[in-house]
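Since every read-out is calculated from the coordinates, none of them should be taken as a lab result. In this text the structure is predicted, and so the values were computed from the model without any measurement. Backbone-built Cβ (ideal geometry, glycine too); neighbour counts: all protein chains shown.
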Amino acid sequence: MTKVVTGKGRFSYLNWATAKKNELSGKEEFSTEFLIPKSDTDTIANLKSAMKAALDKKYNGKYPPNLRNPLRDGDTEVKQDGSPLGAEYKGHYFIRCKSNEQPGVVDENRQSILIANEFVSGDYGRVSVTAYAYSQVGNNGVAFWLNNMQRLEKGEPLGTKSSAVDDFGGSSAQPNNGIPF
């Protein structure tokens, strides 16, 4: 298996502090979608090389048809319901990486991050992943095992709920504007 440490990208759907149940497999997992700028050709080349090495190891150069590619294009991919991905995906490739073991998480100074809200979706950093090939009930492809993560800088949070200050910051009296209820 080939390990890759990426260049700087952005975290989306970041789930590192507590495992969540994968609806398809039923397994508890830690995971993230990692957005890689298309301009980071070194990381893209390293991921592709790791993917090919994983496929060669499993299939010895005789690949089955319809291999699933884990390197997705944020400009053309859509959500399962057919709607477009968020604007933050534009100009990026992305990978989904997961693990059943909690990844190591450090900041820009390589100090451990232990509090969940100190590292959230929207932050920028790097991942260490390992490519592996799989074959399960007719589904064949490559996936990325999540080893470790490094937060390099805070970003605008993605998909966060509103704060209590935002919800209750104005006047507490709400006019009824003539509405009888």
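For the reader, a short list of remarks on this structure follows.
- Principal-axis tilt of helix 41-59 within the chain, Cα atoms, nearest 10 degrees: 50 degrees
- Using a Gaussian network model of the chain in which every pair of alpha carbons under 10 angstrom is joined by a spring, one finds that among L55, L35, L146 the greatest mean-square fluctuation is at L55.
- Here the alpha carbons of segment 2-160 define both size measures, Rg and Dmax, at 15.5, 46 Å.
- Peptides 95-101, 38-44, ordered by how many other C-beta atoms sit within 10 Å of their residues on average, highest first, read 95-101, 38-44.
- Share antiparallel - DSSP beta bridges, the chain, percent rounded to 5: 85 percent
- When the chain is treated as a GNM with alpha-carbon contacts under 10 Å, the residue of N109, N69, N148 showing the greatest mean-square fluctuation is N109.
- Entries of K52/K154; K57/K98; K38/K62; K58/K98; K20/K58 with Cα pairs more than 25 Å apart: K52/K154; K38/K62; K20/K58
- For GluC sites (Glu not before Pro), the sites in segment 1-95 that DSSP calls loop and that have at most 14 other Cβ atoms within 10 Å are E23, E77.
- Rough spin-label spacing in nm, given labels placed 7 Å along Cα→Cβ, for K20 and R110: 3.1 nm
- For a modelled paramagnetic label at L71, 7 Å from Cα along Cα-to-Cβ, the residues of segment 37-60 in reach, with backbone nitrogen under 15 Å, are 37-56.
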